[in-house]
Every structure is written in C-alpha cells, then in structure tokens.
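These notes are about the structure you will find just below.
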Amino acid sequence: MASVAQNELMTCIGPGTAAGAILRSYWQPVALSEELDGARPVRPVNILGERLVLFRDPEKGLGLINRTCSHRGADLCYGRLEHGGLRCPFHGWLFDVTGQCIEQPAEPDSSTLYKRVKQVSYPVVEKNGVIFGFMGKGALPKLPNLDCLTAPNSHSFAFKGLVDCNWLQLLEVGIDPAHASFLHRFLEDEDGEEGYGLQFRDNVNDIPMTKLLRNFYRPEIKVEKTDFGHRLIALRNLDNRGMHVRVTNQVFPNAIHIPLSNEMTLTQWHVPISDIKSYWYAMFTSFGEPVDQKRMREQRLELYELPDYVPKKGKHNNYGYNESEQATETYTGMGFDINVHDQWAVESQGAIQDRTREVLASSDVGITEYRKSLIKAIGSHKDRKTRNFSRREHEVPIAIDVIAPIDDWEKSWLAADVDRRENSSWIND
Ligand code: FES
Ligand SMILES: [Fe+2]
C-alpha cells in the first residue's frame, strides 16, 4: 500500500516531475527502427508527456526534436524532409537533426535570426531495431550492459505494443513471478514446437513450462539488490524432480530482463507516453540459432495494428473473453497470447492504479523492494547526493530457467548460463 502522495510521486512522469526526472536520466526506447522504413522517414514520438518528431536525414542521420515549430507553432510531423533537415510547411523554416534552424527563406538574405533559433532536441542512438533517446540533463550515460544490445542483429528481434495505463503498473507485472502460475495458466499443455518465440511454451528438461507453472503455483521468491537493479529468483520445489529456478531481473528504472525459452531472452522497457498510456518495447535475443525475425514479426502482426502498435484485443472487445474457454482451456478465457492476459491485468487496475487501496502480500516482495529503490532514487536525485545506480557500467543481468539439484540450485543456474555463453556462436566470435 502507498499513500496518495507516494503514488503520485512514483507514477507522474511529465516534465518537472520526480519520477519523470529519474526516467529521463536513462536512455529510453523512443521508436522501432522499422517505423522509419518507407519513403518518408518521419514519425511523431509521444514520450514522457512530451510531443516530439523523429526523422532520419539521409546524410546527417537521426533527429529527435520538439514537434512544435519555434516560429509560430505549426506541427513539424507534416514537415518536408529535405536539404539536411525537416522543413516546416508553414513558412519554410528548416531544422537540422540537432534542432538548429538553418534556413528562414522568407527573411531578408542578410538576416541572421536563424542562428538564434533552436528546437529542443535529444540525442539518439540505434541498436538492433530500437531507437533510444536521452532526455535527461548532463553528460550522456552509457547504454545499459545488456545482451540484447551487444548481440548481432541476426540474433535479435524487436517489437512494441500500446497499453492504456500508467507505466508503473506495467513494470510491476514483470517483477511479480507468482502471477505466471495463474494469469498465464493453460489447463492443457501445448506442443513446445508450436511455441517458437512465445513465452512459457518451452520445456524445461522434459517438463512443459505450462505444466510446471500450473502444478507448482506457490514459488518461493528471493530478491537480491544488484548494481543494475534487482535480481528475482523464483524457486519451485518439484519434489523428487529437483528445484525449478527461474531467474528474472529488474533493470533500473523501467526495464525487465527475463528468460523467453531455452535459447532466448526478452528485455522489455515500459515507457510512458503520458501518465495514463505507455508502450512496452521488447528486444528478443537468441544465444543459439539466429532469430527467425520474419516469423516473430508475423506472429505479432496478427495481434497488433500498425502504425501505432495498438492491440487488436482490448477493452473495446472484452479482450476476447470467452467463458467456455475459461472453463476448459485457459485461466483467463482470453486466448493463448500472454500479452493479452497482461494487458487485461494492468488496464483493469485503472489508468493509474490506486495503490492506497491495495493489499500487498509476501509474493509481492519484488514490487515492495522495487518501490523502495524508486523512492530512494527520487530522493537522491532531488538532493543530488548520489547518481542512480545503473548510470555506471554494471554486470550483465542473467535471465534463465533451469531445473537444479535441490541442494545445489544456487550454483546450477550460474553454471547453466556459463554453458550457454560458451556455446553461443556470437559471444565467442
Ligand atoms: S510556423 Fe513553422 S515556419 Fe512558420
Ligand atoms: Fe505476465
């Protein structure tokens, strides 16, 4: 439970807010590279309560600048992409990728006014299909030390989805290991082969993940503080078959890093558009075979509408809820795509969850610990006493599922990760 003031402190993200300042201190995904495919690479970007425009100049690269023209406020998303920048169609002012005005064609030839006009702009970098922007103050931080950012493009895939709620409740799903045994429960098991690129569909050793989560629904959850954020270890004692160890991570402030399958991991950022809308950005990384990007994209395009990555199942159609399916096939009755389940869970909490009315339990330990860190970071940032922990180089978070001997599980998951890295083609190149 949180007070009204704490809830506001943690959830409001616009310019000048406390949580907004924390999120702005880190690189944030602002778009997928594929959004700039096509003849005219210009896209609106709404992020952290700011309205921006992203464009790719063929020579000068990417620009992320304020969407409102400095002259008299017209919308630069309708700009002409030409001559080294984005030109406002109202009076032809031209802005380069840094936001600097470089031409004002209606002004006298001798005018130098253009030199003193600059749009707000933010630095951007592009990695494996995701464009990141930095909206904070001061020196540029390093990108986080994550496998999805160092893997070759062939071994990664990126996608995103729109969710109608505040960013924090979206993040809190990813640090809640208990919900997988309920929200994502399948009453019958599926053939693991059908589950390529999907979560909770692999087998761990010989046991289907769906069965393991269904039958062992009371995990012991351990949370460890690390220099990137938090490591969550969910232990399910499978009696004589060993200990199932699922290691997931919270990468401060708004990302999670989890296992997807035996050879893939998923890193997901929960990025506020406004206080009541968010995008999740997902980067999938394979340690084994190259990722079948075409198949992964087709799977997701069956569920999301472009250009805004709006889910086809949502509040408007009751998330596809079907009561006979709920009786016989899935715990939710909302189909087999776990994104739909998560989306229902977070949107049904309300646009901003009222945390003054919740009852946190022992299985919510990940959420409790994370909130403490967020509130502490907000305090430190305000007092400028310390820098946030993951602005410096940090260890690479490990996300893995293993079944280990009950008395040796702590070493086993680390050993399994070493093994995976030793056998990976791209790590050892
Ligand atoms: S409003 Fe953009 S050039 Fe005049
Ligand atoms: Fe989930």
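The values are calculated or read from the model by the stated rules, or taken from the named source; none is laboratory data. These figures come from a predicted structure and were not determined experimentally. Please note: Cβ atoms are built from the backbone with ideal geometry, for glycine as well, and neighbour counts cover all protein chains shown.
Filtering the stretch 165-180 for residues that are of a type outside the set (A, V, I, L, M, F, W, C), outside any loop (DSSP other than H, G, I, E, B) and either more than 16 Å from ligand 2 (Cβ to nearest atom) or free of Cβ contacts under 8 Å to residues at least 40 places away in the same chain (or both) leaves an empty set.
Please work out which one of (1) farther than 25 Å from Y114 by Cα; (2) in a strand (DSSP E or B) is the condition Y26 fails and give its number. It is condition (2) that Y26 fails. Scanning the stretch 99-129 for residues that are buried (at least 16 other Cβ atoms within 10 Å of the Cβ) and β-branched (V, I, T) returns I102, V117, V124. Report yes if P41 is within 16 Å of ligand 1 (Cβ to nearest atom) and either assigned by TED's automatic domain parsing to the domain that holds V120 or of a type in the set (A, V, I, L, M, F, W, C) (or both), otherwise no. No; evaluated as a whole, the condition is false for this residue. Restricting attention to the stretch 71-108 and to residues that are in a loop (DSSP other than H, G, I, E, B) and of a type in the set (F, W, Y), the residue that is nearest to G61 (Cα to Cα) turns out to be W93.
Going by the structure shown, is D109 under 15 Å from the mean Cα position of the chain (by Cα) and either away from ligand 2 (no atom under 16 Å from the Cβ) or modelled with pLDDT under 95 (or both)? No. Is it the case, given these coordinates, that G79 is touching a Pro at 6+ places or on another chain (Cβ under 9 Å), on the phi > 0 side of the Ramachandran plot and within 16 Å of ligand 1 (Cβ to nearest atom)? No; evaluated as a whole, the condition is false for this residue.
Of everything in the stretch 403-429 that is touching a Gly at 6+ places or on another chain (Cβ under 9 Å) and β-branched (V, I, T), the residue that is farthest from S25 (Cα to Cα) is I406.
Considering the conditions (1) exposed (fewer than 14 other Cβ atoms within 10 Å of the Cβ); (2) in the same structural domain as A74 (by TED's automatic domain parsing), G138 is excluded by exactly one of them, (2). Close contacts from the stretch 199-221, counting a first residue that is under 18 Å from S412 (Cα atoms) and a second that is of a type in the set (S, T, N, Q) and part of a loop (DSSP other than H, G, I, E, B), with Cβ to Cβ under 9 Å and a gap of 6+ residues or different chains, come to N203/N262; V204/N262. Among residues that are within 20 Å of the chain's Cα centre (by Cα), outside the structural domain of G49 (by TED's automatic domain parsing) and in contact (Cβ under 8 Å) with a residue 24 or more places away in the chain, F186 is not included.
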